[in-house]
């Protein structure tokens, strides 16, 4: 089965300041800050949840289909992904915005000042999955990862309507989404990927217990802080059943 990965595509611009931000803060002027820091270096990484997942799957020889929105500045990144086995034919290219960008400066005390430019990512909500499935000629497993929240909801809704199997991986967007959006995102998923903290946040925001979540998804892959992964699945009266636990070595 092919895997279609829907998620953010971005670049990370990371800088280092050889001092402490706090040395430049004036207590009496914190309501009127105007600062600029001369940094020592700049490192640019290819990033974005969807692109990172696809890169890993591509390196495993699985030929994933990456779905997301980018700007016209995506040319080099696209070539690199294709060289690593990622199908980029269904990526949406914005005519007005650049590819999403994370810009972060870290000082010697590990304090950070960061900004995230969504850019073209906000246009991922315009992507329809059906033409992509028709193009590849088979029904894939569709992984819906962190992206524009409206796009994530649209994709899960389309999966339910068309009967596509999908996996939900809300990750960083749990902080942005409200309870109704989270319920719409995970309801009907074959797989839910999460960690211990995110699972608790899903329960809190969605208003569902862990039992109730398993009434709506088939499997939960839960990453534990003790460097383990636990898989849970529906069983009999919709009770939680421990399936597998694997320690990382």
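The values are calculated or read from the model by the stated rules, or taken from the named source; none is laboratory data. Being a predicted model, the structure only gives us computed values, none of them experimental. Cβ coordinates were reconstructed from backbone atoms using ideal geometry, including for glycine residues, and neighbour counts include every protein chain displayed.
The figures follow:
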| read-out | value |
| --- | --- |
| Test: residue 223 is closer than 30 Å to residue 116 by Cα, modelled with pLDDT under 90 and outside any helix (DSSP H, G or I) | yes |
| Answer residue from region 1-32, given it is in contact with a helix residue (DSSP H, G or I) (Cβ under 9 Å, 6 or more places away or on another chain) and in a loop (DSSP other than H, G, I, E, B) and is farthest from residue 169 (Cα to Cα) among those | 2 |
| Hey, residue 70 in contact with a strand residue (DSSP E or B) (Cβ under 8 Å, 6 or more places away or on another chain), loosely packed, with under 13 Cβ neighbours inside 10 Å and modelled with pLDDT of 95 or more or not | no |
| Any chance residue 232 is modelled with pLDDT of 95 or more, touching a strand residue (DSSP E or B) at 6+ places or on another chain (Cβ under 6 Å) and not in a helix (DSSP H, G or I) | no |
| Checking residue 217 against (1) in contact with a helix residue (DSSP H, G or I) (Cβ under 8 Å, 6 or more places away or on another chain); (2) without any contact (Cβ under 8 Å) to a residue 40 or more places away in the chain; (3) not in a helix (DSSP H, G or I), the condition it does not meet | (2) |
| Boolean, residue 20 is touching a residue at least 40 places away in the same chain (Cβ under 8 Å) and out of contact with any strand residue (DSSP E or B) (no Cβ under 9 Å at 6 or more places or on another chain) | yes |
| Residue list for region 156-177, filter: surrounded by fewer than 17 Cβ atoms within 10 Å (Cβ to Cβ) and at pLDDT 95 or above | 157, 160, 161, 162, 163, 165 |
| 3 or more residues within 25 Å of residue 35 (Cβ to Cβ): qualifying strands (runs of 3 or more DSSP E) within region 87-149 | 100-106, 112-117 |
